[in-house]
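First comes the structure, then the notes that go with it.
The values are calculated or read from the model by the stated rules, or taken from the named source; none is laboratory data. As the structure is a prediction and not an experimental result, all values here were calculated from the model. Counting neighbours? That spans all protein chains shown, and the Cβs are built from the backbone with ideal geometry, glycine included. Note: areas computed on protein heavy atoms with side chains; ligands, DNA, RNA excluded. Shrake-Rupley method; radii C 1.70, N 1.55, O 1.52, S 1.80 Å.
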Amino acid sequence: MNAPSQHAPLLDGFGRLHDNLRISVTDRCNIRCFYCMPEEGVNFVPHGEVLRYEEIEQVVRAAAALGVRKLRVTGGEPLVRRDLPVLIAKLAAIPGIEDLALTTNGVLLESLAQPLAQAGLRRLNVHLDTLDRQRFLDITRRDDLPRVLAGIDAAQRAGLPVKINAVAVKDLVEADIAPLARFGRERGIEIRYIEFMPLDSQGLWLRDKVLTADAILALLASEIGPLDPIPDADPRAPALEYRFRDGIGTVGFIASVTRPFCLNCNRIRLTADGHLRYCLFAHDEMDVKTTLRDASLSAEARQARLVELIRANVSAKWLGHEINTERFVPPPRPMYAIGG
Ligand code: SAM
Ligand code: SF4
C-alpha cells in the first residue's frame with residue numbers, strides 16, 4: 001500500500017527515525033507474572049478511561065501519516081479485550097501500515113488465532129518462560145501452561161509466524177533455557193530471551209536477578225551446541241540474533257540491561273488509557289485522550305492535533321534509558337500499564 005506522505009519524517013532530536021508504534025489495548029491480564037504484576041489488588045484503569053477501538057484507529061491514522069509503518073498490539077493481555085479481531089481488521093486497513101504484530105501470553109490464543117489471522121494479523125510473539133508446569137504456575141500464579149501450548153499450536157496451524165518471549169530471571173529459569181531452545185528448534189520458532197528489566201510493580205528487580213544474554217549464550221552452547229551471531233538484517237531491530245551452528249534454529253536476545261539498543265530505537269508507545277510515551281522507561285508522557293474526546297473539534301482539527309502531539313512526543317525523546325547509571329529511577333507505571 002502506498003504511504004501517505006503529507007508530513008516530514010518523524011525524527012527525534014538525535015536523528016532517529018520513528019516508524020514503529022506499540023499499542024496497549026488494555027492493562028488487564030488473565031495471569032499474574034510476578035515480574036510484571038502483583039498477585040492481588042491491582043488497580044486497573046476504569047473501562048471508560050480505556051481508548052475505544054475507533055479512538056485507537058484515529059491515533060494510528062495520524063501516526064501512519066507521519067510515516068509509522070509497523071504496529072504491535074500488546075497490553076496487559078491484549079486477548080482479554082473483547083473482539084480484538086475487529087481492531088486488528090481496522091488497523092490492517094489503514095494506508096501505510098505494512099506490519100501488524102501482536103504480543104500475547106497465549107492463554108486465550110487457541111480459539112483466537114484463526115480469527116486474528118483472518119483479520120490481517122501478520123505475526124505474533126507468545127510469552128512463555130518455561131515448559132515446566134510447576135514453574136509456569138510459580139511464575140504466573142496460574143496453571144495455564146497447557147492452554148499456552150495449545151495456543152501456539154493453533155497459531156502455527158493458522159499460518160502465523162510465531163516467536164516466543166522468555167523473560168530471563170537469574171536463579172529461577174536456568175533449567176528452562178535449553179528446553180525452550182530445543183522446543184523452538186523442533187517447531188521452527190525463534191526463542192527470544194528477554195533480560196529481566198526494572199519494570200515490575202513491586203520493585204522486585206535487582207541487577208543480580210538479571211540472567212544476562214552472555215550467561216544464556218554460554219548455557220545454550222554447553223547444553224545444545226555452538227551458536228554464531230547473525231549479522232543484523234535490520235540494525236534497528238532490538239534483538240541480537242544467533243543461529244545454532246548445526247543450522248537448526250535461531251535464538252534472539254533482548255538485552256536491554258547488558259546491551260541497551262537505545263541508539264537505534266524507532267519506537268513510540270500508546271497506553272491503554274490514551275497516553276503517548278517515547279520510551280518504556282520514560283517519566284513524561286502526553287495525553288491524547290483529551291483530544292480524542294474533545295467534542296468541539298472537527299475531525300480534521302482533531303487529526304491535525306494528534307499529528308502535533310505525536311511529533312511533540314518524539315521530539316521530546318531522550319537519548320536512552322539510564323538503567324546502568326546511578327541516576328536511574330524506574331518509571332511510575334509498571335510493565336502491564338505501559339504495554340511491553
Ligand atoms: N501479556 C502479554 C505478554 O505477556 O506477552 C503482553 C504484555 S507483556 C507486558 C509484554 C512482554 O513484557 C512480555 O512478553 C514479557 O516478556 C515482558 N515483560 C513483562 N515484565 C517484564 C520485566 N519485568 N522484564 C522484562 N520483560 C518483561
Ligand atoms: Fe500479564 Fe503479560 Fe504482565 Fe504476564 S507479562 S502479567 S502475561 S501482562
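Worth a mention:
- Ala93 open to solvent by 20 Å² or more (accessible area, probe 1.4 Å), within 16 Å of Leu71 (Cα to Cα) and in contact (Cβ under 8 Å) with a residue 12 or more places away in the chain: yes
- Test: residue in the range 112-133 that is touching a Pro at 6+ places or on another chain (Cβ under 8 Å), more than 10 Å from ligand 1 (Cβ to nearest atom), in contact (Cβ under 8 Å) with a residue 60 or more places away in the chain and in a loop (DSSP other than H, G, I, E, B): no
- Scanning the range 250-268 for residues that are farther than 18 Å from Pro229 by Cβ, of a type outside the set (A, V, I, L, M, F, W, C) and in contact with a Leu (Cβ under 7 Å, 6 or more places away or on another chain) turns up just one, Asn266.
- Residues located in the range 290-340, provided they are within 16 Å of ligand 2 (Cβ to nearest atom), hydrophobic (A, V, I, L, M, F, W, C) and at pLDDT below 75: Met335
- Yes/no for Arg236 being open to solvent by 40 Å² or more (accessible area, probe 1.4 Å), more than 16 Å from ligand 1 (Cβ to nearest atom), at pLDDT 95 or above and not acidic (Asp, Glu): no
- Odd one out for Arg311 among (1) of a type in the set (D, E, K, R); (2) within 18 Å of Ser24 (Cα to Cα); (3) in contact (Cβ under 8 Å) with a residue 24 or more places away in the chain; (4) open to solvent by 40 Å² or more (accessible area, probe 1.4 Å): (2)
- Cross-chain or 6+ apart pairs with Cβ under 6 Å, the range 242-267 first and small (Gly, Ala, Ser), then outside any loop (DSSP other than H, G, I, E, B) and buried (at least 17 other Cβ atoms within 10 Å of the Cβ): Gly249/Gly184; Gly249/Arg185; Gly252/Glu190; Gly252/Arg192; Gly252/Glu241; Ala255/Glu195; Ala255/Ala213; Ser256/Glu195
- Applying the condition of being in a strand (DSSP E or B) and more than 27 Å from Asp27 (Cβ to Cβ) to the range 190-238 and asking which residue is nearest to the chain's Cα centre (by Cα) yields Glu190.
- Complete set of residues in the range 170-189 that are surrounded by fewer than 20 Cβ atoms within 10 Å (Cβ to Cβ) and either of a type in the set (Phe, Trp, Tyr) or outside any helix (DSSP H, G or I) (or both): Lys170, Asp171, Leu172, Phe183, Gly188
- Test for Arg32: is it open to solvent by 20 Å² or more (accessible area, probe 1.4 Å), touching a residue at least 60 places away in the same chain (Cβ under 8 Å) and either touching a strand residue (DSSP E or B) at 6+ places or on another chain (Cβ under 9 Å) or away from ligand 1 (no atom under 12 Å from the Cβ) (or both): no
- Residues within the range 31-50 that are charged (D, E, K, R) and not in a loop (DSSP other than H, G, I, E, B), tallied: 1
- Count of residues meeting criterion [farther than 18 Å from Arg28 by Cβ and either in contact with a His (Cβ under 6 Å, 6 or more places away or on another chain) or of a type outside the set (A, V, I, L, M, F, W, C) (or both)] in the range 86-127: 14
- All told, Leu145 falls short of being in contact with a helix residue (DSSP H, G or I) (Cβ under 9 Å, 6 or more places away or on another chain), closer than 18 Å to Pro334 by Cα and among the hydrophobic types (A, V, I, L, M, F, W, C).
- Checked against (1) of a type in the set (D, E, K, R); (2) part of a helix (DSSP H, G or I); (3) within 26 Å of the chain's Cα centre (by Cα); (4) surrounded by fewer than 18 Cβ atoms within 10 Å (Cβ to Cβ), Glu322 passes all but condition (2).
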